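Below: the structure, in C-alpha cells.
The values are calculated or read from the model by the stated rules, or taken from the named source; none is laboratory data. A quick note: this is a predicted structure, and the numbers were derived from the prediction, not measured. Using ideal geometry, Cβ is built from the backbone for each residue, glycine included, and neighbour counts are taken over all protein chains shown.
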Amino acid sequence: MTTDLSFDVSSLGLEGTSTNPRRHYRFPARWPISEGKLKVLAVTGEKRLAQLSRVPTVSESVRTFAYSDWIAVAASQKTPEALANNISQSLAEALQDPSVAQRMRDFAIVPVGNSPAAARMFFNQESQRWRQLIEATRAKLD
C-alpha cells in the first residue's frame, strides 16, 4: 500500500495489486485530517476545497503551478450528436442530485457536468498545456 500524499491529500490512494497493478483505489482522507493525524499543507486544484477551506492551493504560493485531476465520459466520434447531447444532459442532471454531488465531494471531486462541446474545448486546452510542458522540458517516456 502506498499513500498519495505529495499534494492531493483529499484522498489516500492504494496503487496496484498483485493481480492488477494498474488499479487505483481512492477513499476519503477526512478521518486522519479531522483527528489531527495528517496536516494538509495545500491542495492542487485551482480553487480551495469547500471541505478544507482554510487550506491554500499550491498556486497561492507557486504562481505558475496549475494541476488538477479530471474525469470525462467519452464516446466514439461516430456517436450521433443528439445521442451524445442526451447522455451528457442525463449525466449533468445526475451530478446535480444532492446525494450524488455530496458523494463526489466526499472524494474531493467537484461535479461539473458540462456539454460535449465544452468538454472537448477543455480537453483540447489541457492537451495543449501539457504538450507545451512536455516539449519545453523534453520529457520522454522510458
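List of remarks:
- Of the residues screened, Ala136 is one that is over 22 Å from Ala50 (Cβ atoms), loosely packed, with under 13 Cβ neighbours inside 10 Å and modelled with pLDDT of 90 or more.
- Whichever residue in the stretch 74-126 is of a type in the set (D, E, K, R) and within 22 Å of Val43 (Cα to Cα) and, among such residues, is surrounded by the most Cβ atoms within 10 Å (Cβ to Cβ): Arg105
- Single residue of Arg131, Arg63 found to be at pLDDT 80 or above and in a helix (DSSP H, G or I): Arg131
- Test: residue in the stretch 43-63 that is outside the structural domain of Met121 (by TED's automatic domain parsing), under 24 Å from Trp130 (Cβ atoms), among the basic types (Lys, Arg) and under 15 Å from the mean Cα position of the chain (by Cα): yes
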